[in-house]
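The values are calculated or read from the model by the stated rules, or taken from the named source; none is laboratory data. All values derive from a computational prediction rather than experimental measurement. Here the Cβ is made from the backbone with ideal geometry for all residues, glycine too, and neighbour counts use every protein chain on show.
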Amino acid sequence: MTGSIPVAVLGASGRMGRELIRGIAAASDLTLVGALASPGGAALGRDAGVFAGVGVLGVAIGADRGAALKSARVALDFTLGPAVAENLAACRERGCAVLVGATGLDAAARDLIQAASRDIAVLEAGNTSVAVHVMAQLVQTAARLLPEDFDIDVFEVHHRGKRDLPSGTALQLAAAAKAGRDLSGRSGRAIGHAGLRAGSVVGEHTVSFSGPGERLELTHRSQDRSAFASGALLAARWLAGRRPGRYTMADVLGRG
Ligand SMILES: NC(=O)c1ccc[n+]([C@@H]2O[C@H](COP(=O)([O-])OP(=O)(O)OC[C@H]3O[C@@H](n4cnc5c(N)ncnc54)[C@H](OP(=O)(O)O)[C@@H]3O)[C@@H](O)[C@H]2O)c1
């Protein structure tokens, strides 16, 4: 389609990948041009649209990164942490901008993101929901305004299939709280974390500010993955043609 942004979905057979493909199929300004899954994955060879439940899109799910990225201007990486390094290297080699939506990244992967961002636009977002972005700003503000004897704790619940703990979102919210406290130059006890992996919960995060005799809680509940997908597609549009650099959802959505 003329003027449409060619997008590759890495992790196309996964829960997020299928949600993204449904979103791309419904968008007039985005075109799916590549779909990657793991070597030996059950979806290899299937049409990505059919696998996502939106009918034939003419893009087969494959395990070859070069083929998946061949015509792409933007890649959306929603694979699992260990695959991110290979995805980044392939995007860098092809000059393809990438949204790293995968979580559970180790220090080596973060170093690779930094290195790749010299040559391509890399946006790292452990949570692409617009509301979570706003929540992080509220958390930072609350941490700055509340007295230092308020304890700060992050509690999260996710489905039993989620591998990383803490979640990328929990880490992001803890960083926002820390930024709020650092800004005011105060030091309290370390920010606490607790998490539960159970059932089919898409994702819930609460940040508690517990003081003497009172508690403030900020909670975000994901009801389905469409909120992550729509934020990721906003990021895809923003990334297309973006100059090399390291970006976050704050760059896409504004810092408020
Ligand atoms: N940023 C956000 O807002 C957000 C929201 C939700 C989830 N996430 C993160 O997104 C990631 C995916 O979550 P999910 O729930 O969709 O997981 P999932 O259902 O397990 O899907 C994982 C996908 O990655 C593929 N994959 C795994 N290893 C691979 C490899 N070595 N090479 C190529 N592809 C590989 C899988 O392919 P096969 O099916 O062939 O194994 C599958 O398509 C996780 O890191 C999760 O934490 C981010």
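Below, the figures for the structure above:
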read-out	value
Selected residue (only one of Asp29, Asp64, Asp47 is farther than 22 Å from Ser222 by Cα, under 22 Å from the mean Cα position of the chain (by Cα) and either surrounded by fewer than 16 Cβ atoms within 10 Å (Cβ to Cβ) or of a type in the set (Asp, Glu) (or both))	Asp29
Considering residues of the stretch 166-191 that are part of a helix (DSSP H, G or I) and among the charged types (D, E, K, R) only, the residue modelled with the lowest pLDDT	Asp182
The stretch 225-248: number of residues that are in contact with a Ser or Thr (Cβ under 9 Å, 6 or more places away or on another chain) and not aromatic (Phe, Trp, Tyr)	11
Scan of the stretch 19-47 for residues that are near the ligand (Cβ under 10 Å from one of its atoms) and out of contact with any Ser or Thr (no Cβ under 9 Å at 6 or more places or on another chain), ordered by number	Leu20, Pro39, Gly40
Residue check, Ala190 within 16 Å of the ligand (Cβ to nearest atom) and on the phi < 0 side of the Ramachandran plot	no
Residues (within 16 Å of the ligand (Cβ to nearest atom) and part of a strand (DSSP E or B)) located in the stretch 196-245	Leu196, Arg197, Gly203, Glu204, His205, His220, Arg221, Ser222
